[in-house]
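Enquirer: The structure under discussion is supplied below as structure tokens; questions concerning it will follow.
Coordinate-derived values only; no laboratory data. Since this is a predicted model, take the numbers as computed values, not measurements. Backbone-built Cβ (ideal geometry, glycine too); neighbour counts: all protein chains shown.
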Amino acid sequence: MKALISFSLMRRLNNPVSWMLYGFSFLLFGVLMFSDVLLTSLAPSLVLPRSIHMNSEMFDRIGEYLPSNFVFQSDPLLADIKIQVSMDEYKVVGHLNAVEQQWVDQMIHGYHRLSMVEKMPDSMVSIIDDVMMANIVWDNEADEPSDHAGFIVITSIYFMLLSFSTAVANEVVNEKTSNVIEIILTSVSHKEHYYSKLLIGWFTMLSQMMIHSCGFIFWFMVRVVFDDGKGIMGMMYRWQWLSVRFLSFDEWISSLNIGMSQISIIMLCAVFLMLGILLVQLLMVLISVHINSIEEAAAIQGPFYLGMLVIYYLAIFINSSEQLNQGWGYYFSYTPVLSMLFMPSRLLSTTVTLSELILALMIASVTLMICLKIGEDHYRKNLLKGSSKSTFVKKEI
């Protein structure tokens, strides 16, 4: 079985298409890590903030409220946008789009109101404050926001693993259609072939993740040496992907406050995802033994991907605290296959007790072991479709 796994890994990882993919991902990581530098050269307006000039009095009052895509310029000759204040009007000079016009309009109105209030007597200001102050009574408590970033990562890994599951099933079909399976079974037993197919997908995934991670880490370290991520952090703040402007990767990572509890949740999410994908991969391998042509494989994979998409969109549709604690999401978190998305959603969005975790893990693990045991006999009986009695096939031990 070791030789079969090694052969399959070399065939998957060491071929021209794989090397082309490694090179493409390596270049892509480099482009992403230095995207701000490239955009500054090609389209500086997308990265660099626009300079705005106003008098010192206005800047002292509203300068702290400047949006992330504006920066104050003391020299009016160098500014992209100039706000000129006269007695009764404000003149804005420069080319602005609709969103920028709205921001500048709000800033000017805010400054104008402050200026008018300061000219009023204190008694009038207190009356205006009383009239303009809204009396708000909260009748309910808002739900805690869900960890959408974590769910996006989980679902990205989910679809990546599904591709490896179908790749293993396609490999079984190719071996059957090319009549290679009879030759392989002269050296290994059905059981060894069965478990090797389940392991090959995971070893391939881990190997490719390590290869791509090395490329990402290389460019990350290059960027750290270049400017410690200051430029790309500024670009992300400029595009409002970050609510706070960070000056380095270290500041951003420190702001995440990743502790042992978050790491434990991530590990548990990975365990549920692994158990679910293993079960899906097992089912695909068992289905593949009944397929005798590439056309049949294509016909099977279409409904399979559709079913996986239904699970994905179902997880998005009921990804709320109420559904995950009491509704369908709660019951789906214990259901085999479905639990690989719904239990991570619960872990990321709500509080899951230890007894609930143990129960869900037991259901997923026992289901996988039962399917493995039943599938072993099913695989042996149907792999060769009547050729299993050949004298050249290795006998089971």
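Enquirer: Say we join alpha carbon atoms closer than 10 Å with springs in a Gaussian network model of the chain; which of 13, 66, 368 then has the biggest fluctuation?
Expert: Fluctuation is largest for 66.
Enquirer: Moving to a separate point now. With an 8 Å cut-off on Cα pairs and a minimum separation of 6 or more residues, tell me the relative contact order of region 49-132 in percent. The partial results should precede the final answer.
Expert: On the way: 78 pairs, mean separation 22.2, N = 84.
So the answer I get is 26 percent.
Enquirer: Considering only DSSP beta bridges where both residues belong to region 49-132, give the percentage that are antiparallel (nearest 5).
Expert: Details: 4 of 9 bridges.
Here the antiparallel bridges make up roughly 45 percent for region 49-132.
Enquirer: Work out the FRET efficiency for residue 251 and residue 66 from their Cβ-Cβ distance, taking R0 = 22 Å, and round it to the nearest 0.05. Display every interim value, and only then the final one.
Expert: On the way: r = 21 Å, r/R0 = 0.94.
With a Förster radius of 22 Å, E is 0.60.
Enquirer: Further question: Which of 272, 72, 26 has the fewest other C-beta atoms within 10 Å, and how do the rest follow up to the most?
Expert: On the way: 272 23, 72 13, 26 16.
Fewest-to-most Cβ neighbours within 10 Å comes out as 72, 26, 272.
Enquirer: In which sequence would 214, 269, 371 go, from the one with the fewest C-beta neighbours within 10 Å to the one with the most? Don't skip to the end; give the middle numbers.
Expert: On the way: 214 12, 269 23, 371 17.
Fewest-to-most Cβ neighbours within 10 Å comes out as 214, 371, 269.
Enquirer: To continue, here is another question. Using amide H atoms built in the peptide plane, which far-off residues or other-chain residues are under 5 Å from residue 73 H to H?
Expert: 52, 53, 54
Enquirer: So if a site counts as exposed when it's one of the GluC sites (Glu not before Pro), its DSSP state isn't H, G, I, E or B, and it has at most 16 other Cβ atoms within 10 Å, what's the longest stretch of the chain without one? Kindly include the intermediate steps, with their values, before the conclusion.
Expert: Numbers: sites that count: 89, 141, 396.
Of all site-free stretches, the longest is 142-395.
Enquirer: Tell me, Kirkwood radius of the chain from alpha-carbon pair distances, in Å? Write down the numbers at each step before the final one.
Expert: On the way: mean 1/r = 0.0376 Å⁻¹.
It is 26.6 Å.
Enquirer: Once phi is turned into θ = phi - 60°, what whole-Hz ³J(HN,Hα) does the Karplus curve with 6.51, -1.76 and 1.60 give for every residue of region 215-227, x standing for Gly and Pro?
Expert: Result, ordered by residue: x, 5, 5, 4, 5, 5, 5, 4, 5, 4, 5, 5, 7 Hz.
Enquirer: Let me ask something else. Test of understanding: ordering 176, 82 by Cβ neighbours within 10 Å, fewest first, what list do you get?
Expert: Values: 176 21, 82 16.
With the sparsest Cβ surroundings first, the list reads 82, 176.
Enquirer: Could you tell me what percent of the DSSP beta bridges with both partners in the chain are antiparallel, to the nearest 5?
Expert: On the way: 4 of 9 bridges.
Of those bridges, close to 45 percent are antiparallel.
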